[in-house]
């Protein structure tokens, strides 16, 4: 058994394994999450056509002004993403946690998106 070189490589390997079972189509696009050290990014992706239907990130001007914690910022990103997805006509999504644990910022984003009206 080989060891993985870094945490990032281990996450990418987990994400590839998860993606074998997840696919977003026109009826239920995939809500993909990427988390860096300081920011969080989320996209609603239709894998069948390869297009991004909605996106939000903590780097956006309206979300950068908050002085909250990273989990609070992630929740704000989830709310913004849900409203943009609903504007694009998306009600149901498949959640892709991107190889990260469902904990902390990833969980905050998912719960805020659910509360704002996305179904997953």
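Read-outs throughout are calculated quantities, based only on the coordinates presented, and are distinct from any laboratory measurement. This structure is a prediction, so every number in the text was calculated from the model and none was measured. Backbone-built Cβ (ideal geometry, glycine too); neighbour counts: all protein chains shown.
Using R0 = 25 Å, the C-beta based FRET efficiency linking residue 17 and residue 48 works out to 0.70.
If N is the number of residues in the stretch 7-115, what value comes out of its Cα radius of gyration divided by 2.2 N^0.38 Å?
1.02
A Förster distance of 22 Å, applied to the separation of the beta-carbon atoms of residue 66 and residue 101, puts the FRET efficiency at 0.40.
Fewest neighbouring Cβ atoms within 10 Å first, the residues 57, 49 line up as 49, 57. Remark: relative contact order (the stretch 7-115) = 31 percent; criterion is Cα-Cα distance under 8 angstrom and separation of 6 or more residues.
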